[in-house]
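*Asks:* Below you'll find the structure I mean.
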Amino acid sequence: MLLPDQWNGKFLMGGGGGFVGSVQNQALDGMSAGKTPLERGYATVGTDTGHTGEVIDASWALDNDQAKENFAHRAVHRTAEVSKEIIKDYYGDGADRSYFFGCSRGGGQAMISAQRYPDDFDGIVAGAPVLDWPGTIAGFLHNEQAVFPNPGDLTSPVITADNRKLLAEGLGKACDYLDGVKDGLISDPRRCKFDPTTLPVCASGPAADCLTEQQLAAIQAVYRGPVAGGQQIHPGFPFGGESDPLGWDLWITQTEPSTLPPGVPNLHYAFGTQFAKYFVYNDPSWNYANFDP
């Protein structure tokens, strides 16, 4: 916990990303306009949500319902409660206002705090909140089945860097102009009606300037999202980010050069398989070969 000498009378808690596992405080770097919250006098804190591990590691959850509950909601609540008592003891007075800031998993923490513990914070900022874990993970695993159909071979994605470049170019021609400015951005993917089948089809094997049937099917699967019993159970990936290093490259296909641990091709694989192994099936040897959402 960080306690400024010149306290402004307010308490700000920051969320954590992924499976957390270390004391993260997204408020410190997520609210970047001007001075940091600490420099502005906020007493601020983060939490590891009750376990230690890498942000993409969920092995701590194996057969551990208490750890799962802490991660789900209790850790943020209890940290907020204890932090307020520490502030009161340290400064001799309680906080006038209490706030929470989080994005992604931190955004989910923010939303859950509002729903379960509405008295913990006076104001909440929830950015890109991850709330529907089963649906989100089903989407991640659905994409892995399309891009890496063999879980034993995670070195050769069906969708290549050349494919992603071709996709981005096709999308740009079809949808970049929709906002009235041709600037390399698709401002509202919902208005984009791009059809990947309009891209060139390879006549004889993979090539840089065309798509094979398998590559086209994988791309369509990513955009479509998982379906079970004829019902859409989670949205597909929106148009955009196909050629961005922090888009499809990091999340869906394969990061080159890799910034992820060996054997982890992308973040959909990391979060999808870890959640399934340790939150759902309690089986570290599980893989997505026969996964059916």
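The values are calculated or read from the model by the stated rules, or taken from the named source; none is laboratory data. Predicted, not measured: the structure shown is a model, and the values here were computed from it. We place every Cβ from the backbone using ideal geometry, glycine too, and count neighbours over all the protein chains shown.
*Asks:* Select from the stretch 55-99 the residues that are acidic (Asp, Glu) and closer than 20 Å to Pro118 by Cα and list them in ascending order. Reasoning before the result, please.
*Replies:* Initially, the stretch 55-99 is screened for residues acidic (Asp, Glu), giving 57, 63, 65, 69, 81, 85, 89, 93, 96.
Correct list: Glu69, Glu81, Glu85, Asp96.
*Asks:* Would you confirm, using the coordinates I've provided, whether Leu246 is within 21 Å of Gly172 (Cα to Cα), modelled with pLDDT under 95, of a type in the set (A, V, I, L, M, F, W, C) and in a loop (DSSP other than H, G, I, E, B)? Working first, answer last.
*Replies:* Values: within 21 Å of Gly172 (Cα to Cα): yes; modelled with pLDDT under 95: yes; of a type in the set (A, V, I, L, M, F, W, C): yes; in a loop (DSSP other than H, G, I, E, B): yes.
Yes: the conditions hold for Leu246.
*Asks:* Still on this structure: How many residues are modelled with pLDDT of 95 or more and part of a loop (DSSP other than H, G, I, E, B) when one looks only at the stretch 25-49?
*Replies:* The total comes to 6.
*Asks:* Here's something else I'd like to know. Output the qualifying pairs, or none if there are none: Cβ atoms under 6 angstrom, residues six or more apart or on different chains, first residue in the stretch 137-149 and closer than 11 Å to Asp292 by Cα, second residue assigned to a helix (DSSP H, G or I) and not β-branched (Val, Ile, Thr).
*Replies:* Within 6 Å, the pairs are Leu141/Gly272.
*Asks:* Still on this structure, I have one more. Report yes if some residue within the stretch 253-265 is within 30 Å of Gly17 (Cα to Cα) and outside any loop (DSSP other than H, G, I, E, B); otherwise report no. Write out each step before concluding.
*Replies:* First, pick out the residues of the stretch 253-265 that are within 30 Å of Gly17 (Cα to Cα): 253-265.
Narrowing the set further to residues that are outside any loop (DSSP other than H, G, I, E, B) leaves none.
No, that holds for no residue.
*Asks:* Which is closer than 21 Å to Gly127 by Cα and hydrophobic (A, V, I, L, M, F, W, C), of Val76, Val82?
*Replies:* On the way: Val82 fails: closer than 21 Å to Gly127 by Cα.
Every option except Val76 fails the conditions.
*Asks:* Identify, by number, the condition in (1) surrounded by 15 or more Cβ atoms within 10 Å (Cβ to Cβ); (2) over 27 Å from Thr273 (Cα atoms) that Gln6 doesn't meet.
*Replies:* Exception for Gln6: condition (1).
*Asks:* Out of the residues in the stretch 9-24 meeting the condition of being in a loop (DSSP other than H, G, I, E, B) and touching a Phe, Trp or Tyr at 6+ places or on another chain (Cβ under 9 Å), tell me which one is farthest from Arg105 (Cα to Cα).
*Replies:* The initial filter retains those residues of the stretch 9-24 that are in a loop (DSSP other than H, G, I, E, B), namely 9, 15-23.
Keeping just the survivors that are touching a Phe, Trp or Tyr at 6+ places or on another chain (Cβ under 9 Å) gives 9, 15, 18-21.
Details: Gly9: 27, Gly15: 7, Gly18: 6, Phe19: 8, Val20: 8, Gly21: 12 Å.
For the stretch 9-24, the residue satisfying everything is Gly9.
*Asks:* So, Gly225, is that one touching a helix residue (DSSP H, G or I) at 6+ places or on another chain (Cβ under 7 Å) and modelled with pLDDT under 95 or not?
*Replies:* Values: touching a helix residue (DSSP H, G or I) at 6+ places or on another chain (Cβ under 7 Å): yes; modelled with pLDDT under 95: no.
Against the criterion (touching a helix residue (DSSP H, G or I) at 6+ places or on another chain (Cβ under 7 Å) and modelled with pLDDT under 95), Gly225 does not qualify.
*Asks:* Being part of a loop (DSSP other than H, G, I, E, B) and at pLDDT 95 or above: is that true of Asn290 here? I'd like the intermediate steps shown before the answer.
*Replies:* On the way: part of a loop (DSSP other than H, G, I, E, B): yes; at pLDDT 95 or above: no.
Spelling it out, it is not the case that Asn290 is part of a loop (DSSP other than H, G, I, E, B) and at pLDDT 95 or above.
*Asks:* Let me ask you something else. So which helices (runs of 4 or more DSSP H) stay within the stretch 96-202 end to end and still have 1 or more residues that are within 20 Å of Asp249 (Cβ to Cβ) and modelled with pLDDT of 95 or more? Break it down into steps so the answer makes sense when it comes.
*Replies:* Values: elements: 105-116, 133-147, 161-175.
Ranges flagged: 133-147, 161-175.
*Asks:* So, in the stretch 36-82, how many residues would count as being among the polar types (S, T, N, Q), over 22 Å from the mean Cα position of the chain (by Cα) and under 25 Å from Asp5 (Cα atoms)? Working first, answer last.
*Replies:* Kept after step one, since they are among the polar types (S, T, N, Q), are these residues of the stretch 36-82: 36, 44, 47, 49, 52, 59, 64, 66, 70, 79.
Still in the running and over 22 Å from the mean Cα position of the chain (by Cα): 36, 44, 64, 66, 79.
Okay, now just the ones that are also under 25 Å from Asp5 (Cα atoms), so 36, 44, 79.
Qualifying residue count for the region: 3.
*Asks:* Let me ask another. May I ask you to list the residues in the stretch 95-111 that are surrounded by fewer than 19 Cβ atoms within 10 Å (Cβ to Cβ) and touching a residue at least 24 places away in the same chain (Cβ under 8 Å)?
*Replies:* As a first pass, look at the stretch 95-111 and keep what is surrounded by fewer than 19 Cβ atoms within 10 Å (Cβ to Cβ): 96-97, 104, 111.
Across the stretch 95-111, the qualifying residues are Asp96, Arg97, Ser104.
*Asks:* Tell me whether the stretch 151-166 contains one or more residues that are free of Cβ contacts under 8 Å to residues at least 12 places away in the same chain, touching a Cys at 6+ places or on another chain (Cβ under 8 Å) and of a type in the set (Gly, Ala, Ser).
*Replies:* no
*Asks:* Name the single residue that is surrounded by the most Cβ atoms within 10 Å (Cβ to Cβ) among those in the stretch 185-240 being over 18 Å from Val158 (Cα atoms) and small (Gly, Ala, Ser).
*Replies:* Gly240
*Asks:* Let me ask you something else. Give all pairs with beta carbons closer than 6 Å in which a residue from the stretch 178-202 that is among the hydroxyl-bearing types (Ser, Thr, Tyr) meets a residue that is in a helix (DSSP H, G or I); count only pairs at least 6 apart in sequence or on separate chains.
*Replies:* Correct list of pairs: Ser187/Asp179.
*Asks:* Quick one: in the stretch 9-20, of everything that is more than 18 Å from Phe275 (Cβ to Cβ) and aliphatic (A, V, I, L, M), which residue is surrounded by the most Cβ atoms within 10 Å (Cβ to Cβ)?
*Replies:* Among those that are more than 18 Å from Phe275 (Cβ to Cβ) and aliphatic (A, V, I, L, M), it is Met13.
Table: residues versus (1) more than 27 Å from the chain's Cα centre (by Cα); (2) of a type outside the set (Val, Ile, Thr); (3) at negative phi.
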site: Asp176; (1), (2), (3): no, yes, yes
site: Asp188; (1), (2), (3): no, yes, yes
site: Lys193; (1), (2), (3): no, yes, yes
site: Val201; (1), (2), (3): yes, no, yes
site: Ala207; (1), (2), (3): yes, yes, yes
